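S.K.: Structure provided below as structure tokens; questions to follow.
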Amino acid sequence: QVQLVESGGGLVQPGGSLRLSCAASGSIFSIYPMSWYRQVPGKQREWVATVRSGDSTSYADSVKGRFSISRDNAKNTMYLQMDSLKPEDTAVYYCYYQNRLSFYWGQGTQVTVSS
């Protein structure tokens, strides 16, 4: 069984930065990708970024150049460095992991960008 726990959310002013963490426990294998998603109430959950084995990454156009995803396989932890935050980045951020047997979501962490 895999458990994912996000942390690092909070209130930040526009233009500010936050670093989210996703701590994983259970059978996590670095060969499988991990991702961040986000969701605003009343809207569908949207993909933000993915990190794969070999540390290749991909980003949604809306965050490209401002967000950076990474993972520390020794610590079973994934990160999302968010810079130049905008009010439209306000959402609950979720981490996601999928292996060949199942998929897993964290409980989410709230990010609010407001002055």
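The values are calculated or read from the model by the stated rules, or taken from the named source; none is laboratory data. The model shown is predicted, which means the values in this text are computed figures rather than measured ones. Please note: Cβ atoms are built from the backbone with ideal geometry, for glycine as well, and neighbour counts cover all protein chains shown. In case anyone asks, the SASA skips ligands and DNA or RNA and just uses the protein heavy atoms, side chains included. Shrake-Rupley method; radii C 1.70, N 1.55, O 1.52, S 1.80 Å.
S.K.: When the residues of region 88-102 are narrowed to those that are modelled with pLDDT of 95 or more and open to solvent by 30 Å² or more (accessible area, probe 1.4 Å), which ends up nearest to MET34 (Cα to Cα)? Break it down stepwise before answering.
M.R.: Of region 88-102, the ones modelled with pLDDT of 95 or more are 88-97.
Checking the rest, the ones that are also open to solvent by 30 Å² or more (accessible area, probe 1.4 Å) come to 88, 90, 92, 94, 96.
Numbers: GLU88: 23, THR90: 21, VAL92: 17, TYR94: 11, TYR96: 6 Å.
Taking the candidates together, the pick is TYR96.
S.K.: On to the next question. Go through region 63-85 and give me each residue that's of a type in the set (Gly, Ala, Ser) and within 17 Å of THR112 (Cβ to Cβ).
M.R.: The answer is SER84, and nothing else.
S.K.: If you take the residues of region 105-115 that are open to solvent by less than 40 Å² (accessible area, probe 1.4 Å) and touching a Phe, Trp or Tyr at 6+ places or on another chain (Cβ under 7 Å), which of them is farthest from SER30 (Cα to Cα)?
M.R.: Checking each candidate, the answer is VAL111.
S.K.: Let me ask another. Among the residues of region 1-58, which ones are surrounded by fewer than 18 Cβ atoms within 10 Å (Cβ to Cβ), under 15 Å from the mean Cα position of the chain (by Cα) and aliphatic (A, V, I, L, M)?
M.R.: Correct list: VAL5, ALA23, VAL40.
S.K.: Here's a follow-up. Among the numbered criteria (1) under 14 Å from the mean Cα position of the chain (by Cα); (2) open to solvent by 80 Å² or more (accessible area, probe 1.4 Å); (3) among the small types (Gly, Ala, Ser), which one does GLY65 miss?
M.R.: The one condition GLY65 does not meet is (1).
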